[in-house]
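*Asks:* Got a structure for you, questions after.
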Amino acid sequence: MAAHVIDIRCPGCNAPVTTGMKVCEYCGSPVAISTFNSVIDLPGPKLQQLTRGYQNNLRENPDDPTLNFSIGMVYLKLKKYEEAAKAFEKAIEDNFDNSEAYFYAAISMLGGKKPFLLLRPAINKIVENLNAANMIEPRGIYYYMLAYIKQDYFARKYLNVTPNFQQELAEAKALGVSDIDIDMVFTACGLPKPML
């Protein structure tokens, strides 16, 4: 199910815009956020303003996957992991073909904690989301995150899992995971970059 374009108000200045726009032509604020890089350098007050704007738009369009994904990115940047996970889950519910929604839902579910510290049901859901992302669109960074989860949770607890973290890491490298992707993802996770 592809996302459709709807008329909304700019989350930054309240001007009329559409979800098909990346940035508002009036104030330059992001409208439809599709990457974490879109919010990585935004200051706290701007992020709070975007949060309010997206919340207002979601009152009228609660099932719009673009709005849910966008507010999920803002929540992730604000380290409001639980709210981010809910927003990404809602985006998945409304557009189950978006691999990045599954990926960022998994990142949000880490909650800024190392996998080793999470309970097994949470880890299972994270792995499920990462596998779903890879089924839709295999990417090196998705496999890298699987390798990280499997190394930090399963290997550290001496639990066997197939494929293991070395195999996931090899797949990530074969698909061309970059250091830039890894740095960005661990910034989003709120965790230090691991040495895999």
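*Asks:* Given Cα pairs under 8 Å that are at least 6 residues apart, what percent is the relative contact order of the chain?
*Replies:* Rounded, it is 15 percent for the chain.
*Asks:* Can you work out the Karplus-derived ³J(HN,Hα) for every residue in the stretch 179-196? Use 6.51 cos²θ - 1.76 cosθ + 1.60 with θ = phi - 60°, whole Hz, and x for glycine or proline.
*Replies:* Karplus values, whole Hz, x for Gly and Pro: 4, 5, 4, 5, 4, 4, 5, 6, 5, 4, 5, x, 10, x, 5, x, 9, 9.
*Asks:* While we're looking at this one, here's another question. Report, by chain and number, residues whose modeled amide H sits under 5 Å from the one on S29, excluding near sequence neighbours (fewer than 5 apart, same chain).
*Replies:* C24
*Asks:* Moving to a separate point now. Per the Kirkwood formula on distinct C-alpha pairs, the Rh of the stretch 46-96 is how many angstrom?
*Replies:* Final number for the Kirkwood radius of the stretch 46-96 is 10.4 Å.
*Asks:* Order of 130-138, 71-79, 112-120 by packing, highest average Cβ count within 10 Å first?
*Replies:* Sorting 130-138, 71-79, 112-120 by mean packing, highest first, produces 71-79, 130-138, 112-120.
*Asks:* What's the extension gain from E93 to T18 if we count 0.36 nm per residue and subtract their Cα-Cα distance?
*Replies:* Between E93 and T18, full extension yields an extra 24.9 nm.
*Asks:* Can you give me the convex hull volume of the Cα atoms of the stretch 1-103, divided per residue and expressed in Å³?
*Replies:* Convex hull volume per residue, Cα atoms: 84 Å³.
*Asks:* Same structure again: Just the number, please: carbon plus sulfur as a percent of the accessible area of the chain, 1.4 Å probe, no ligands or DNA/RNA counted.
*Replies:* Carbon and sulfur atoms account for 53 percent of the accessible area of the chain.
*Asks:* Let me ask something additional. Reachable lysines from K46, Cα under 20 Å, same-chain residues fewer than 8 places away excluded?
*Replies:* Partners found: K22, K77, K79, K80.
*Asks:* Separate question: About the Cα centre, and with charges only on the beta carbon of Lys, Arg (+1) and Asp, Glu (-1), how big is the dipole of the chain? Nearest 20 debye, please.
*Replies:* Dipole about the Cα centre, nearest 20: 800 debye.
*Asks:* Hey, another quick one. Within 10 Å, count the other beta carbons around each residue, average over each peptide in 92-104, 5-17, and list them highest first.
*Replies:* Packing proxy ranking, top to bottom: 92-104, 5-17.
*Asks:* How much length is gained if the chain between E82 and Y158 is pulled fully straight, taking 0.36 nm per residue apart and subtracting their Cα-Cα distance, in nm to one decimal?
*Replies:* Length difference between fully extended and current span is 24.5 nm.
*Asks:* How high is the FRET efficiency between S34 and K125 when r is their beta carbon distance and R₀ equals 25 Å, given to the nearest 0.05?
*Replies:* Working from the Cβ atoms, E equals 0.60.
*Asks:* Right, another one. Karplus couplings for the stretch 107-121 from phi (6.51 cos²θ - 1.76 cosθ + 1.60, θ = phi - 60°), rounded to Hz, Gly and Pro as x?
*Replies:* 4, 4, 5, 5, x, x, 10, 5, x, 3, 8, 8, 7, 4, x
*Asks:* What net charge is computed for the residues neighbouring A170, neighbours being all others with C-beta under 15 Å from the C-beta of A170, Lys and Arg scored +1, Asp and Glu -1?
*Replies:* Charge balance near A170 sits at +1.
*Asks:* Another question about this same structure. Just the ratio, please: alpha-carbon radius of gyration of the chain over 2.2 N^0.38 Å, N its number of residues.
*Replies:* My calculation over the Cα atoms of the chain gives 1.04.
*Asks:* Moving on. Go ahead and collect, in residue order, the members of the stretch 1-33 whose backbone nitrogen is under 14 Å from a label point 7 Å along the Cα-Cβ direction of D63.
*Replies:* Taking a point 7 Å out along Cα→Cβ of D63, the residues of the stretch 1-33 whose backbone N falls under 14 Å are 1-4.
*Asks:* Please quote Rg/Rh for the stretch 144-185 to two decimal places, taking the Kirkwood radius as Rh and restricting both calculations to Cα atoms.
*Replies:* Here the Rg-to-Rh quotient is 1.01.
*Asks:* Which whole-Hz ³J(HN,Hα) couplings does the stretch 47-58 yield from phi under the Karplus relation 6.51 cos²θ - 1.76 cosθ + 1.60, θ = phi - 60°, glycine and proline marked x?
*Replies:* For the stretch 47-58, the Karplus curve yields 5, 5, 4, 5, 4, 4, x, 5, 4, 4, 5, 6 Hz.
*Asks:* G140: net charge of surrounding residues, Cβ under 9 Å, Lys/Arg +1, Asp/Glu -1, itself excluded?
*Replies:* That sum, taken over residues with Cβ under 9 Å, equals 0.
*Asks:* For L58, what charge total do you get from the other residues with a beta carbon under 10 Å from its beta carbon, if Lys and Arg give +1 and Asp and Glu give -1?
*Replies:* My count for the surroundings of L58 gives -1.
*Asks:* Leaving out ligands and nucleic acids, and using a 1.4 Å probe, what accessible area per residue does the chain come to in Å²?
*Replies:* With the other protein chains kept in place, the chain gives 49 Å² per residue.
*Asks:* Under 5 Å between amide hydrogens, which residues at least 5 positions from I8 or on another chain qualify, with H placed 1.01 Å from N in the peptide plane?
*Replies:* Answer set, sorted by chain and number: V17, T18, T19.
The values are calculated or read from the model by the stated rules, or taken from the named source; none is laboratory data. Every value quoted in this text rests on a predicted model; they were computed, and no experiment measured them. Positions of Cβ are generated from backbone atoms using ideal geometry, with glycine treated the same way; all protein chains shown enter the neighbour counts. When the accessible area is computed, the model is the full protein with side chains, heavy atoms only, and any ligands, DNA or RNA have been set aside. Shrake-Rupley method; radii C 1.70, N 1.55, O 1.52, S 1.80 Å.
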